[in-house]
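Worksheet: one structure, shown below.
Each value in this text was obtained by applying a stated rule to the coordinates, not by laboratory testing. Please read these numbers as outputs of a predicted model, since none were measured by experiment. Positions of Cβ are generated from backbone atoms using ideal geometry, with glycine treated the same way; all protein chains shown enter the neighbour counts.
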Amino acid sequence: MNKKTYIVTGANNGIGLETSRALAAEGAKVLLMTRTAEKGQSAMNDILSTHPNADLENFVAEMSLLGDIRKACTSILEQHIVIDGLVNNVGTWMSNYEVTKEGIETVFATNHLSYFLMAHMLYPALRKSEDGRIVNVASNAHSYGKINIADPGYSKNYHGLKSNGQSKLANLYFTFEFFNQQPDHRVSVYAVSPGLVKTDIGLKHTSWLHTLAWKFRRRKGQTPAEGARTSVFCATNPDIKGVSGKYWESAKQKEVFESAQNPELGKQLWALSEEMCCIKDYFHSSK
Ligand SMILES: NC(=O)c1ccc[n+]([C@@H]2O[C@H](COP(=O)([O-])OP(=O)(O)OC[C@H]3O[C@@H](n4cnc5c(N)ncnc54)[C@H](OP(=O)(O)O)[C@@H]3O)[C@@H](O)[C@H]2O)c1
């Protein structure tokens with residue numbers, strides 16, 4: 001049997017590092033996407049310390065920048081004709097409003113547009129797999145999310161909770177709309193809730209109050225390895241091949257909250273994302 005190839009974004013720590021480790025432990029080749037080469041090397045060393053035969057490669061991209069993502073995907077496609085799975089895991093939580101040098105609010109760019117653009121760029125290689133899959137790491141935080149089509153960066157009334165809730169809701173609408181729009185369902189798509197996981201996500205770009213709140217909240221969280229379980233399940237489990245366009249938690253299908261039950265909003269978000277990413281033919285005319 002051919003070795004499978006997976007890509008994991010946000011792979012240098014937390015849930016992404018453990019997702020990469022678990023996929024490597026199953027004998028797959030894992031391409032780790034990280035912000036810098038140093039972070040990539042340190043993540044690969046960490047995985048090799050527990051799995052010395054792991055087959056790993058690193059690709060570098062600042063995932064809030066569409067130009068960086070396009071460049072990294074071009075290098076990936078030059079070296080890999082077939083990709084079996086893309087795990088869109090990268091994520092950030094920001095207390096303050098910030099805009100990237102491309103003029104997009106950073107959380108919307110990182111947590112949603114990176115997922116949307118990665119899937120578009122890698123789609124031709126995912127189609128070449130017999131069982132190509134995209135896993136979008138979402139969250140139950142979608143319950144309080146609102147998609148703000150007119151101002152997706154919440155430039156007038158930004159709050160970390162609003163931008164996080166919106167971005168995690170966007171992961172769900174992206175999953176459902178990808179399923180609806182893909183002409184032939186060749187590539188399967190899964191949205192995942194990892195549950196509450198003890199990572200550093202709420203300590204990196206947060207105010208002292210949000211840092212304190214996350215330190216308190218995460219005490220009840222699972223380990224990152226437990227948090228990676230549903231991502232790995234959806235990326236690899238043969239029994240759910242083709243069970244596409246659903247939401248998963250604890251390796252089971254789950255109902256979404258009401259906020260994610262407006263298909264019209266999903267269509268509007270898709271159109272907005274295509275426009276922001278300058279994409280004319282999302283599915284490459286299905287070639
Ligand atoms: N932890 C939870 O309880 C929880 C719950 C629900 C959903 N999630 C979701 O799970 C996913 C992983 O989060 P986590 O908790 O594992 O957090 P984490 O430990 O902070 O991991 C996030 C990863 O994304 C990377 N990243 C963030 N911004 C980036 C950028 N602009 N460019 C490149 N890489 C970037 C980080 O790299 P750096 O180290 O360089 O920052 C890190 O590798 C996220 O999508 C999050 O929304 C987490």
When the charge dipole of the chain is computed with +1 on Lys and Arg Cβ and -1 on Asp and Glu Cβ about the Cα centre, the Cα farthest towards its positive end, among Ile83, Asn148, Ser49, belongs to Ser49
Can you list the residues, at least 5 places off or on another chain, whose amide H is less than 5 Å from the amide H of Glu249, using H built in the peptide plane? Ser193, Lys254
For the stretch 88-199, count all C-alpha to C-alpha pairs, find those more than 19 Å apart, and express that count as a whole percent of the total. 45
XL table Lys29/Lys101; Lys3/Lys241; Lys220/Lys241; Lys71/Lys267; Lys128/Lys246; Cα-Cα > 25 Å flagged, in table order, is Lys29/Lys101; Lys220/Lys241; Lys71/Lys267
Summing -39500 (n - 2.57) over the DSSP H runs of n ≥ 4 in the chain and dividing by its residue number, what mean residue ellipticity at 222 nm do you reach, to the nearest 500 deg cm²/dmol? -12000 deg cm²/dmol
Convert each backbone phi in the stretch 162-170 into a coupling constant with the Karplus relation 6.51 cos²θ - 1.76 cosθ + 1.60 (shift: θ = phi - 60°), then list the ³J(HN,Hα) values in order as whole Hz, x for Gly and Pro. 5, 5, 5, x, 4, 5, 6, 5, 4
What ³J(HN,Hα) values, in whole Hz, does the Karplus curve 6.51 cos²θ - 1.76 cosθ + 1.60 give for the stretch 62-73 when θ = phi - 60°, with x put for Gly and Pro? 7, 6, 8, 10, 5, x, 5, 5, 4, 5, 5, 5
FRET efficiency for Thr36 and Ala225, Cβ-Cβ distance as r, R0 = 25 Å, nearest 0.05? 0.60
Could you tell me the relative contact order of the stretch 5-286? Use alpha-carbon pairs under 8 Å, at least six residues apart, and round to a whole percent. 19
Ordered by residue, what ³J(HN,Hα) values in Hz, to whole numbers, does the stretch 233-248 give under the Karplus form 6.51 cos²θ - 1.76 cosθ + 1.60, where θ = phi - 60° and Gly and Pro are x? 4, 5, 6, 10, 5, x, 5, 10, 4, x, 7, 9, x, 10, 10, 10
Taking R0 as 41 Å, what's the FRET efficiency between Asp55 and Ala150 from their Cβ-Cβ distance, rounded to 0.05? 0.35
Would you mind telling me the antiparallel percentage of the DSSP bridges in the stretch 5-286, rounded to 5? 10
Would you mind calculating the gained length between Ile279 and Asp46 on full extension (0.36 nm times residue separation, minus the Cα-Cα distance), in nm to one decimal? 80.2 nm
Got the relative contact order for the stretch 1-62 handy, in percent, Cα pairs under 8 Å and 6 or more residues apart? 35
Just how large is the dipole of the stretch 5-286 about the Cα centre, in debye to the nearest 20, putting +1 at every Lys and Arg Cβ and -1 at every Asp and Glu Cβ? 740
Dividing the alpha-carbon radius of gyration of the stretch 5-286 by 2.2 N^0.38 Å, where N counts its residues, gives 0.92
Amide H contacts under 5 Å for Phe59, restricted to residues at least 5 apart in sequence or on another chain and with H modeled in the peptide plane, are Leu32, Met33, Thr34
Amide H to amide H, which residues 5 or more places from Val189 or on other chains are under 5 Å from it, using H placed in the peptide plane? Ile134, Gly245
Summing +1 for each Lys or Arg and -1 for each Asp or Glu, what net charge is found among the other residues whose Cβ lies under 15 Å from the Cβ of Gln268? -3
